[in-house]
Amino acid sequence: MKKTLLATAIVGALGASAAAQAATVYDQDGTKLDIYGRIAMGIAGGGPEFNNAGQEIDDGAEFVDVYSRLGLRMSHEVSRDLTAFGRLEWRFSGDERNTDQGFNEIRQSYLGLQSDQFGTFQAGNFDSFYNQFVSLPFDVYIDRGFEFAGHPKQSRGDSIGYYTPDLSGFTAFLQAKHYSERGEVEGVGTTEEGAVVAPQGGVRYAQGPITIGLGFVEDVQRGGGNGEMLYGLIGSYDFTDQFSARLGYETRDNNDSYALRGANDENGYDKVGLGGTFTTGPWAFTADYYNVDRDGGLDDSNAWAFGSYYNVSSNFDVFLELADGDAPTVDRDVTLGDLTDDVYWLTGARYHF
């Protein structure tokens with residue numbers, strides 16, 4: 001019961017609802033084609049009152065698209081133990097008329113081979129394996145509130161990956177993303193790093209109520225990192241069918257030479273996260289807290305998020321999310337206004353198909 005509720009009420013970035021609501025449009029002679037998607041709209045407001053340059057900005061309410069998408073899942077049984085598969089997913093803006101283009105983004109596009117005996121190999125544009133096998137327990141929010149490394153981390157395009165079948169609860173994974181400079185003239189248009197490969201890997205244990213993931217990512221600068229290794233140890237425990245708790249730690253070393261170039265947001269850090277999910281009937285509630293210890297002379301920070309989700313039907317849900325990525329420390333000098341100044345909120349509805 002709990003897993004069904006989470007799949008339909010929380011969804012998150014993995015598109016679990018899409019898998020649950022996918023419609024099979026063709027299934028014959030071992031070949032299958034599913035179509036899925038969602039139309040999601042809402043109203044968002046709040047958040048920081050100042051930009052990175054210290055200029056005051058408008059943080060008023062706005063009607064927004066909430067990651068609407070359309071996707072295809074394809075598979076063909078090559079043999080009893082081998083299946084070829086592919087996936088293609090687009091993102092579009094559902095809150096307004098778009099006359100320039102039908103879709104804003106090819107969110108995922110990959111193909112691969114899956115064997116129950118030997119594991120799964122895939123290539124193309126897909127979610128980070130670190131996110132799928134390590135940081136997933138915290139990835140429950142529709143928009144903001146997830147502070148660990150997410151699905152784009154050194155992934156999304158020019159990537160190959162492999163993960164083993166379930167081995168008594170253990171699954172090992174390895175992925176590599178290639179940043180190419182093929183065709184570039186030497187010294188013109190090239191980067192300081194040049195062509196690089198960003199590997200990531202680790203292992204997950206999932207058995208009964210326990211899920212624990214341990215992984216690493218080489219966070220190269222070409223992919224928005226600081227050139228240092230990122231490590232994470234994140235897990236969850238299902239206390240009951242209705243309540244699960246999660247605990248995680250993620251760290252990345254500081255790169256002094258990178259910080260000197262002004263990229264302070266990508267300095268080293270230590271993050272500790274604690275949270276939980278509670279479901280009852282058509283309702284689901286999530287709450288998470290993070291403590292972020294930043295290197296490079298930057299201030300430490302606290303972050304928190306809260307989500308409330310209600311299933312009107314198996315295809316339609318409404319939601320409310322609150323998040324503050326840099327909340328003040330609660331002490332005797334902090335007022336209620338201090339606690340609510342930079343809170344971001346989002347409420348809306350989604351129809352899944």
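The values are calculated or read from the model by the stated rules, or taken from the named source; none is laboratory data. Given the structure is predicted, the values throughout are model-derived calculations rather than measurements. Glycine gets a Cβ as well: all are built from the backbone with ideal geometry, and neighbour counts include every protein chain shown. When the accessible area is computed, the model is the full protein with side chains, heavy atoms only, and any ligands, DNA or RNA have been set aside. Shrake-Rupley method; radii C 1.70, N 1.55, O 1.52, S 1.80 Å.
Residues in the range 230-266 that are surrounded by fewer than 17 Cβ atoms within 10 Å (Cβ to Cβ), among the aliphatic types (A, V, I, L, M) and at pLDDT 95 or above: 233, 245.
In the range 85-98, the qualifying residues are those that are among the charged types (D, E, K, R) and modelled with pLDDT of 90 or more, and the one that is surrounded by the fewest Cβ atoms within 10 Å (Cβ to Cβ) is 91. Residues that are under 20 Å from the mean Cα position of the chain (by Cα) and either open to solvent by less than 50 Å² (accessible area, probe 1.4 Å) or acidic (Asp, Glu) (or both) within the range 29-44 comprise 36, 37, 38, 40, 42, 44, listed in sequence order. Just name the residue that is farthest from residue 113 (Cα to Cα) out of those in the range 174-187 that are open to solvent by less than 50 Å² (accessible area, probe 1.4 Å) and not in a loop (DSSP other than H, G, I, E, B). Filtering first and then ranking leaves 179. Residues of the range 49-71 include at least one that is under 21 Å from the mean Cα position of the chain (by Cα), among the hydrophobic types (A, V, I, L, M, F, W, C) and open to solvent by 40 Å² or more (accessible area, probe 1.4 Å). If only residues of the range 100-121 that are more than 27 Å from residue 170 (Cα to Cα) and not small (Gly, Ala, Ser) are counted, the one that is farthest from the chain's Cα centre (by Cα) is 100. In the range 287-310, the residues that are among the β-branched types (Val, Ile, Thr) reach residues that are modelled with pLDDT of 95 or more with C-beta atoms within less than 6 angstrom, at least six apart or across chains, in these pairs: 292/271. Among the conditions (1) open to solvent by less than 30 Å² (accessible area, probe 1.4 Å); (2) in contact with a helix residue (DSSP H, G or I) (Cβ under 6 Å, 6 or more places away or on another chain), residue 201 misses just one, which is (2). Listed by first and then second residue, the pairs with beta-carbon distance under 8 Å, at least 6 apart or on different chains, first residue in the range 153-173 and over 17 Å from residue 196 (Cβ atoms) and open to solvent by less than 30 Å² (accessible area, probe 1.4 Å), second in a strand (DSSP E or B) and among the basic types (Lys, Arg), are 171/204; 173/204.
One line per residue, one yes/no per condition, for (1) modelled with pLDDT of 95 or more; (2) among the polar types (S, T, N, Q):
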site	(1), (2)
73	yes, no
83	yes, yes
100	no, no
118	yes, no
126	yes, no
132	yes, yes
136	yes, no
158	yes, no
172	yes, no
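Applying a threshold of 6 Å to beta carbon distances and a minimum spacing of six or more residues, or different chains, the list of pairs starting in the range 92-117 at a residue that is touching a residue at least 12 places away in the same chain (Cβ under 8 Å) and ending at one that is among the acidic types (Asp, Glu) reads 93/65; 94/65; 95/65; 107/89; 108/89; 115/81; 116/81; 117/81.
For the range 293-306, the criterion of being within 24 Å of residue 226 (Cα to Cα), surrounded by 15 or more Cβ atoms within 10 Å (Cβ to Cβ) and modelled with pLDDT of 95 or more is met by none of the residues. Residues in the range 190-222 that are closer than 20 Å to residue 157 by Cα, out of contact with any Lys or Arg (no Cβ under 7 Å at 6 or more places or on another chain) and not in a strand (DSSP E or B): 190, 194, 195, 220, 221, 222.
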